[in-house]
Amino acid sequence: SRDSGTEIPNSAFIIPNLQISPVHKKIKIYKLLEEQRLMDRRVVITGLGAVTPCGNSPEELWNSLMAGRHGFELAPWFPDQEPDNLSVVSRVKNFDASEYFDKKELRRNDVIVQYAVYCAMQALKDAGTDLKDIDPYRVGVVIGSGIGGIYTTEEEMANYHNKGNKRVGVFTITKMIGNMAAGEVAIRTGFKGSNFCVTTACASGTQSIGEAFRSIKHGYLDAAIAGGTEHSDIGFCYASFNNMHAVTRSTDVDRASIPFDAERSGFVLGDGCGLLVLEEYEHAKARGAKIYAEICGYGSTCDAYHETSPDPEGKGGAMAMKFAYQEAGMKPEDINYINAHGTSTSMNDRTETMAIKEAFGDHAKNIAVNSTKSMTGHLLGAAGGVEAVVTAMSIRNSKVHMTLGYKVPDPECDLDYVTEGARDMKITGALSNSLGFGGHNGCICMRPVD
């Protein structure tokens, strides 16, 4: 153990089965259990990939955020399909997947898969490794999606109803199901470890990262690609969110997504993808990897309250934050930055503010809180992945972006929302929050690696 100085191989630490290597048969089982926390491995972020309305790489995204440039535009509606009062959207622009997909492959894969493969290759290139030095069964892929291949679903349902069953595409099912993003990334990379899709609405990306983090921390994997992907740029989705009054009523692209502002009226619907390469720290260190940050905690809770509305007291979100920094072994005052869920809806922003106060007490007023959605819009299941990318870059660059568009203070949202522009700051500990329909709350905790 670390305390005794006795070296114990990682293979001995498959705790659920309590497998002990032959060399260390004399080690008592109770000793393994006592020292489980000491045996936990450190997990670091070494590669980033992003496709967003603010740029199709982490660098483009970062530069847009630092400059305070949003990705919003007036909605291009189709005849007879215009939802009433919805006029602003956030779309990925100039995306070209042809580097990784030929024409035949493009027809066989939904956009969520195209985004994911593009981002995964981008992240591996950024990490400077293909991870081929690791047993492929020790490298996982965990990519979440809130609604899966909804573009394919809408298109093929129209074919079925308008043209008949024989006109439904042969690859419809594989294009629809959300797990195919993780599956196709594995096919392209050869990674054969734990591979799955987390579907917890807008918490999908964050919880995917959290689950991958835990798998590496506890010894099931040595590395993983994790995050979220979403493509919701269709009239069907716009109409549904509009009819539930979740999206903004603003017709001004500069005042459409304004988290924590008193005049906020709903989120701006967007799409994209954000993925991270996660590695066990010693492996990353041994190869001289560039390290953005360490993931050191993960909190996952449920409000158990309502299908769409958060618990008005913010208890579930608060507990997710507490669980995340407590797992990291950190105190409330160690956290000085939160990348908030911050959707620009009246209920979410108010309850998230309450949750932060519940989780941090008087220290809440000392924390810089911003919302990436003020510039990207709400990317649903991809939001947590993209916001984790932003949080990691913020730690590495010692800088946080502003919450764009904030003008009118809301007395119920009274924290430091970084409204003056990008801010230079040394981040000691950071949280990235995601809150999803169904009451799902996810939070990951990061800190710099010295």
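A few comments on the model shown:
- Residue ranges 149-158, 351-360, 180-189, 115-124 sort as 115-124, 351-360, 180-189, 149-158 when ordered by packing (mean number of other C-beta atoms within 10 Å per residue, highest first).
- In this simple spin-label approximation, Lys125 and Asp102 carry label points 7 Å from Cα along the Cα→Cβ vector, and these lie 2.1 nm apart.
- Order by protection proxy (mean Cβ within 10 Å, highest first), peptides 141-147, 53-59, 129-135: 141-147, 53-59, 129-135
- Packing-based ranking of 397-404, 372-379 yields 372-379, 397-404, ordered from highest to lowest mean Cβ neighbour count within 10 Å.
- Solvent-free Debye calculation, one equal scatterer per alpha-carbon of region 293-434: log10 I(q)/I(0) at 0.18, 0.20 Å⁻¹ equals -1.05, -1.35.
- Above-threshold pairs, the threshold being 19 Å between Cα atoms, out of Lys132/Lys285; Lys322/Lys365; Lys315/Lys426: Lys315/Lys426
- Probing with 1.4 Å while keeping every protein chain in the model, the per residue accessible area of the chain equals 41 Å².
- Listed residues Asn195, Asn348, Asn159, most fluctuating in the chain (Gaussian network, C-alpha, under 10 Å): Asn159
- Accessible area of region 310-404 belonging to carbon and sulfur atoms, whole % at 1.4 Å probe: 50 percent
- GNM top mover of Phe171, Phe323, Phe260 - the chain, alpha-carbon springs below 10 Å: Phe171
- Reach of Lys93 by Cα under 18 Å, taken over lysines that are not fewer than 8 positions away in the same chain: Lys373
- Between Tyr305, Tyr281, Tyr337, the GNM of the chain built on Cα springs shorter than 10 angstrom shows Tyr305 fluctuating the most.
- Here's the list of aspartates and glutamates a cross-link from Lys357 could span, going by alpha-carbon distance under 13 Å and ignoring same-chain residues fewer than 8 apart: Glu313, Glu333, Asp349, Glu412, Asp414, Asp416.
- Calculated SAXS-style log₁₀ I(q)/I(0) at q = 0.08 Å⁻¹ - the chain, Debye, Cα scatterers: -0.43
- With contacts taken as Cα pairs under 8 Å at a separation of at least 6 residues, the chain carries a relative contact order of 22 percent.
- Geometric extent, Cα atoms of region 156-199 - Rg, Dmax (angstrom): 14.2, 42
- Between region 330-400 and region 194-221, the Cα center-to-center distance that results, in Å: 20 Å
- Carbon + sulfur, % of accessible area of region 83-215 - ligands and nucleic acids excluded, 1.4 Å: 50 percent
- Length added when fully stretched, Asn397-His306, from 0.36 nm per residue minus Cα-Cα: 28.9 nm
The values are calculated or read from the model by the stated rules, or taken from the named source; none is laboratory data. Since the model is a prediction, treat every value here as computed from it, not as a measurement. Methodologically, a virtual Cβ is constructed for each residue, glycine included, from the backbone with ideal geometry; neighbour enumeration extends over all protein chains shown. Surface areas here come from the heavy atoms of the whole protein model, side chains and all, with no ligands, DNA or RNA. Shrake-Rupley method; radii C 1.70, N 1.55, O 1.52, S 1.80 Å.
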